[in-house]
Amino acid sequence: RTGLITLDPGFVNTGSCKSDITFMNGEKGILRYRGIPIEELAEHSSFRETAFLLIRGILPTQKQINRFSVLLNDHSLVHEDMRDFYGNFPRASHPMGILSSMVSALRSFYPYLEDVEEEIDITVTRLLSKVRTMAAMSYKMSRGHRVVYPRPDLSYCANFLNMMFDSPVKPYEIDEEIVRALDVFWILHADHEQNCSTSAVRIVGSAMVNLYSTISAGIAALWGPLHGGANQAVIGMLSEILKEGTTVKQIVERAKDKNNPFRMFGFGHRVYKTYDPRAKIMKKMCDIVLSRLKLSDPLLDIAKELEEVALKDDYFIEHNLYPNVDFYSGIVLRAIGIPTKMFTVMFAIGRLPGWIAQWKESIDDPSSKISRPRQIYIGPRQTKYVPIEERE
Ligand code: SDX
């Protein structure tokens with residue numbers, strides 16, 4: 001049934017919905033996009049192709065993917081007037097706050113005829129392409145550096161890396177293995193059923209808000225440290241061990257201490273009660289990327305030690321706490337050269353196709369209505385108004 005509603009005492013409606021986009025089995029650690037196992041997509045697909053699969057529901061033919069690439073290229077520039085916006089954000093602004101604002105501002109620059117199928121296709125491609133450019137722009141502008149424009153001769157992922165790191169004094173050298181690592185990183189993040197930010201997109205979109213502002217809501221939800229912000233928090237946790245001599249055992253004990261609000265970032269999941277299949281692939285990618293770049297990262301060694309100690313601890317075993325997608329993802333991003341503050345932006349770029357696919361499924365459903373969760377009222381029965389002079 002669609003709209004199966006179970007009312008929680010906490011006023012929260014854990015509403016669920018019917019969807020054929022992503023399948024998860026939390027007990028067995030299974031994740032499939034449109035039925036295809038994440039392991040096969042990580043091995044054989046590209047982020048561009050996976051985005052097409054999620055949004056259109058089919059793997060594209062060569063002709064379709066070529067046309068998709070042309071559209072992504074055609075829509076990769078950001079309106080020059082939008083560059084001024086960046087200059088008005090304080091330099092230290094978090095790139096997730098900038099991205100959420102900039103994406104919503106797209107509505108002011110582009111028409112939006114939500115009832116025209118073709119317009120939706122263009123809006124979708126425009127978002128997929130411009131969000132990547134906007135993210136790179138925020139990084140360059142935060143450093144006071146010249147913005148690098150997208151290039152028609154580069155792939156989706158290579159273009160992003162070039163826009164991030166190319167410089168007149170140090171041209172960026174495209175390394176296809178690093179480009180592939182980014183491809184896989186974004187494939188792993190592309191969708192994940194009805195998580196917090198996707199639910200936000202579905203709820204906001206149900207009011208027939210334009211897609212730009214709907215996606216902006218998803219970006220805001222993903223920013224939270226319990227959600228997409230965890231990848232940045234994991235690096236902070238691992239760095240504390242490295243720099244302040246905190247031991248792995250102390251971190252594990254701190255995570256178990258009920259009097260301490262600290263949670264082991266990158267561990268635990270509402271659905272996965274076993275190893276997150278994405279974390280398995282991400283862990284392997286750490287070794288591949290670091291060896292390709294002839295780098296070592298002490299945080300990877302600490303992460304592996306932390307995982308080993310935690311997975312042997314009764315509390316973690318009893319609570320089914322395993323590494324999730326965020327535990328190793330930051331180490332891959334660090335190796336590629338992405339600054340920690342941009343980690344959640346990287347998650348947002350990856351999740352964009354999933355948000356769009358879920359939004360489209362929701363608004364295309366003829367039975368869908370505006371989201372209106374209910375509650376269990378636990379407040380006082382009817383009471384009388386007390387004039388202020390009689391109040392103590
Ligand atoms: C993402 O939903 C998605 O699919 C999200 C995501 C996606 O792709 O969209 O997978 C991306 O958000 C991954 C999660 C990233 N967040 C973190 O790594 C933050 C740390 N993790 C925890 O905050 C927690 O595990 C959550 C938020 C991820 C899930 O929490 P739940 O399902 O709400 O579990 P809970 O809070 O009810 O905890 C159950 C028990 C509690 O102990 P008890 O009170 O029952 O004794 O497990 C404990 C919790 O204290 N617990 C943890 C813990 N996670 C849960 N204890 C220590 N460290 C942790 N990480």
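The values are calculated or read from the model by the stated rules, or taken from the named source; none is laboratory data. A quick note: this is a predicted structure, and the numbers were derived from the prediction, not measured. Counting neighbours? That spans all protein chains shown, and the Cβs are built from the backbone with ideal geometry, glycine included. SASA here: full protein model, heavy atoms, side chains in, ligands and nucleic acids out. Shrake-Rupley method; radii C 1.70, N 1.55, O 1.52, S 1.80 Å.
Of note:
- Residue check for G57: under 24 Å from L211 (Cα atoms) and touching a residue at least 24 places away in the same chain (Cβ under 8 Å): yes
- Of the residues examined, R91 is one that is of a type in the set (K, R), more than 25 Å from M285 (Cα to Cα) and either open to solvent by less than 10 Å² (accessible area, probe 1.4 Å) or not in a helix (DSSP H, G or I) (or both).
- Some residue of segment 302-322 being small (G, A, S), within 23 Å of the chain's Cα centre (by Cα) and under 30 Å from T123 (Cβ atoms): no
- Residue check for T22: under 22 Å from the mean Cα position of the chain (by Cα) and either within 16 Å of the ligand (Cβ to nearest atom) or at pLDDT 95 or above (or both): yes
- Count of residues meeting criterion [part of a loop (DSSP other than H, G, I, E, B), charged (D, E, K, R) and surrounded by 14 or more Cβ atoms within 10 Å (Cβ to Cβ)] in segment 27-47: 1
- Yes/no for I317 being at pLDDT 95 or above, more than 18 Å from F185 (Cα to Cα), loosely packed, with under 14 Cβ neighbours inside 10 Å and more than 9 Å from the ligand (Cβ to nearest atom): yes
- When S329 is tested against (1) buried (at least 23 other Cβ atoms within 10 Å of the Cβ); (2) away from the ligand (no atom under 15 Å from the Cβ); (3) of a type in the set (S, T, Y), exactly one condition is not met: (2).
- Count of segment 56-88 residues, restricted to those that are open to solvent by 20 Å² or more (accessible area, probe 1.4 Å), hydrophobic (A, V, I, L, M, F, W, C) and under 22 Å from A220 (Cβ atoms), is 1.
- Given (1) within 26 Å of the chain's Cα centre (by Cα); (2) more than 10 Å from the ligand (Cβ to nearest atom); (3) open to solvent by less than 40 Å² (accessible area, probe 1.4 Å), index of the condition T246 fails: (1)
- Residue among E177, E193 that is open to solvent by 40 Å² or more (accessible area, probe 1.4 Å) and in a helix (DSSP H, G or I): E177
- Condition check for I235: β-branched (V, I, T), modelled with pLDDT of 95 or more and more than 14 Å from M264 (Cα to Cα): no
- Filtering R278, R292, R254 for residues that are near the ligand (Cβ under 8 Å from one of its atoms) and either closer than 30 Å to S101 by Cβ or open to solvent by 10 Å² or more (accessible area, probe 1.4 Å) (or both) leaves a single hit, R278.
- So W223, is it within 27 Å of H145 (Cα to Cα), open to solvent by less than 10 Å² (accessible area, probe 1.4 Å), in contact with a helix residue (DSSP H, G or I) (Cβ under 7 Å, 6 or more places away or on another chain) and within 14 Å of the ligand (Cβ to nearest atom): no
- Only residues that are outside any helix (DSSP H, G or I) and under 15 Å from K304 (Cα atoms) were counted in segment 234-259, giving 1.
- Yes/no for P373 being in contact with a strand residue (DSSP E or B) (Cβ under 8 Å, 6 or more places away or on another chain), farther than 27 Å from G245 by Cβ and either open to solvent by less than 10 Å² (accessible area, probe 1.4 Å) or in contact (Cβ under 8 Å) with a residue 12 or more places away in the chain (or both): yes
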